[in-house]
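The values are calculated or read from the model by the stated rules, or taken from the named source; none is laboratory data. Everything numeric here is computed off the predicted structure, so don't read it as measured data. Backbone-built Cβ (ideal geometry, glycine too); neighbour counts: all protein chains shown.
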Amino acid sequence: MRRLQPIYPSGFLFDHIIATGGIGSGMFFSLSDDHTLGRNESRMATLLPYKDFCKQHIIMHYISVLLGAGEQGGFQSYPIGKVGDDEIGRSLIEKIKKAGMNSSAVSVAPGAATLFSVCFQYPDKTGGNITTENSASNKVSPEDIDAFFTTVHPVKNKEIILAVPEVPLAARVRLLEYGRQRGSLNVSSVLSSEIDSFKEQKGFHLTDILFVNIDEAEHIANSTQKDIVNNCINTLKNLNPSISIIITDGPNGSYTWTDNHLSHTPAIKVHAISTAGAGDAFLAGTLTGLCCGLPLDKSVNIGTLLAAWSVTSADTIHPDTNAQTLFNFIQNHAPGAAREFAGLFKNITAI
């Protein structure tokens, strides 16, 4: 399998990732009107034949496929989660295995349904989703995190810990606690509705790199002022002076705060079929760049490229993703980046 290559002879800077977050599926509705859904509004919409997946699955799929997870002596991916005892859940476990992930910590929760989302999309391709709270993913517990480290025993060195939404905060914080104990690179994201609880449970203190979107940044800053980005950064710096922060802002690109420096990365203009899953693709691409040895500010560019590629598919996981197709996309849409990151694609030839 062709995969992205590390830039250092010693191999990947991070050679495995342990994650928890939502594993599930969903459906898409296309709205014919641009105005935002009202609190008491009923509206007709078109059901679309798109395939939807949930946060952990999207992120881990891209990282695993691009880095060749599961290959002998290669990168390793360890998702921790739960699915329901249903056809959807069993299908998702097979997809996880096919992508090269170690599925031993993805278990079936008796009596619960697999996580499900209803996504809605406006004519400009933006949108949102409503996700089941009482799903199998909601049954992931701190004890499941303990059980993983008791049975799998991953090596501590060169490790990324990833805690993302759609499983309870207690489990995500427990995973971050293990990461801190093990000297891992702790990465997390948090929903706007979870910010106060995440703060109370010391989630920000346990995080090395935080990924949020502009709405979540506004809630962290507790401000509706124009300078949301700097207000968010200042709030988080007071909680954790060493934290790195990445804020995505849709078509306006992304902002990266690391090593006391703020930079802006513009989005790549492409014909978007659907923006659903773009933020998760961005996170995945950024971590993929870190694993290959790129510094964080450069890794963000890989996230930007993967996010742009992802929106050219109607599905939240672009089904054609691999190192070759990503390289071809970059050659066509960002040739400068193709030259800049040639070392990552040194076993790939242009088609």
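With the requirement that a residue be under 21 Å from D208 (Cα atoms), assigned to a helix (DSSP H, G or I) and of a type in the set (A, V, I, L, M, F, W, C), what does segment 258-289 give you?
Listed by number, the residues that qualify are A281, F282, L283, A284, L287.
Suppose we keep only residues that are of a type in the set (A, V, I, L, M, F, W, C), touching a Gly at 6+ places or on another chain (Cβ under 6 Å) and under 30 Å from L175 (Cα atoms) within segment 1-45. Which one would you say is surrounded by the most Cβ atoms within 10 Å (Cβ to Cβ)?
Within segment 1-45, the subset of a type in the set (A, V, I, L, M, F, W, C) is 1, 4, 7, 12-14, 17-19, 23, 27-29, 31, 37, 44-45.
After this cut, where a residue has to be touching a Gly at 6+ places or on another chain (Cβ under 6 Å) as well, the list is 1, 7, 13, 23.
With under 30 Å from L175 (Cα atoms) added as a condition, the list becomes 7, 13, 23.
Details: I7: 16, L13: 18, I23: 33.
Across segment 1-45, the extreme among qualifying residues is I23.
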Residues located in segment 166-180, provided they are of a type in the set (D, E, K, R), touching a Lys or Arg at 6+ places or on another chain (Cβ under 9 Å) and crowded, with 23+ Cβ neighbours inside 10 Å: E166
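Yes or no, residue by residue, for (1) in contact (Cβ under 8 Å) with a residue 60 or more places away in the chain; (2) assigned to a helix (DSSP H, G or I); (3) of a type in the set (S, T, N, Q):
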residue: S242; (1), (2), (3): no, no, yes
residue: T256; (1), (2), (3): no, no, yes
residue: C291; (1), (2), (3): yes, yes, no
residue: A308; (1), (2), (3): no, yes, no
The lone exception for R339 - which of (1) charged (D, E, K, R); (2) in contact (Cβ under 8 Å) with a residue 24 or more places away in the chain; (3) not in a loop (DSSP other than H, G, I, E, B) it fails: (2)
Condition check for A113: free of Cβ contacts under 8 Å to residues at least 40 places away in the same chain, of a type outside the set (D, E, K, R), closer than 30 Å to P6 by Cβ and not in a strand (DSSP E or B): no
Members of segment 294-351 found to be more than 30 Å from F28 (Cα to Cα) and under 16 Å from the mean Cα position of the chain (by Cα), listed by number: L296, S299
Only one of T316, T288, T321 that is of a type in the set (S, T, Y), surrounded by 19 or more Cβ atoms within 10 Å (Cβ to Cβ) and at pLDDT below 95: T316
Residue pairs meeting the criteria (Cβ under 9 Å; at least 6 apart or on separate chains; first touching a residue at least 24 places away in the same chain (Cβ under 8 Å) and more than 15 Å from P154 (Cβ to Cβ), in segment 96-107; second buried (at least 21 other Cβ atoms within 10 Å of the Cβ) and of a type in the set (K, R)): V106/K82; S107/K82
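Do the conditions hold for T265, that is, is it touching a helix residue (DSSP H, G or I) at 6+ places or on another chain (Cβ under 7 Å), under 23 Å from F204 (Cα atoms), at pLDDT 95 or above and among the polar types (S, T, N, Q)?
no
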Answer from S77, S25, S30 - the residue that is part of a strand (DSSP E or B), of a type outside the set (A, V, I, L, M, F, W, C), more than 21 Å from T151 (Cα to Cα) and touching a helix residue (DSSP H, G or I) at 6+ places or on another chain (Cβ under 7 Å): S25
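For every residue, the table says whether it meets (1) buried (at least 16 other Cβ atoms within 10 Å of the Cβ); (2) over 21 Å from S141 (Cβ atoms); (3) of a type in the set (S, T, Y); (4) touching a strand residue (DSSP E or B) at 6+ places or on another chain (Cβ under 8 Å).
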| position | (1), (2), (3), (4) |
| --- | --- |
| R182 | yes, no, no, yes |
| V190 | yes, no, no, yes |
| F204 | yes, yes, no, yes |
| D208 | yes, yes, no, yes |
| I214 | yes, yes, no, yes |
| N222 | no, yes, no, no |
Scope segment 121-140; condition farther than 20 Å from P168 by Cα and in contact (Cβ under 8 Å) with a residue 60 or more places away in the chain; matching residues: Q121, Y122, P123, D124, K125, T126, G127
Residue that is surrounded by the most Cβ atoms within 10 Å (Cβ to Cβ), among those in segment 79-105 that are among the basic types (K, R) and within 25 Å of R3 (Cα to Cα): K95
Filter result for I209 (farther than 16 Å from A307 by Cα, touching a residue at least 40 places away in the same chain (Cβ under 8 Å), out of contact with any Phe, Trp or Tyr (no Cβ under 9 Å at 6 or more places or on another chain) and aliphatic (A, V, I, L, M)): yes
Matching residues in segment 65-86 - criterion: being free of Cβ contacts under 8 Å to residues at least 40 places away in the same chain and either under 17 Å from S117 (Cβ atoms) or among the hydrophobic types (A, V, I, L, M, F, W, C) (or both): A69, D86
Candidate set from segment 106-135 (those that are small (G, A, S) and closer than 18 Å to T275 by Cα); member that is surrounded by the fewest Cβ atoms within 10 Å (Cβ to Cβ): G128
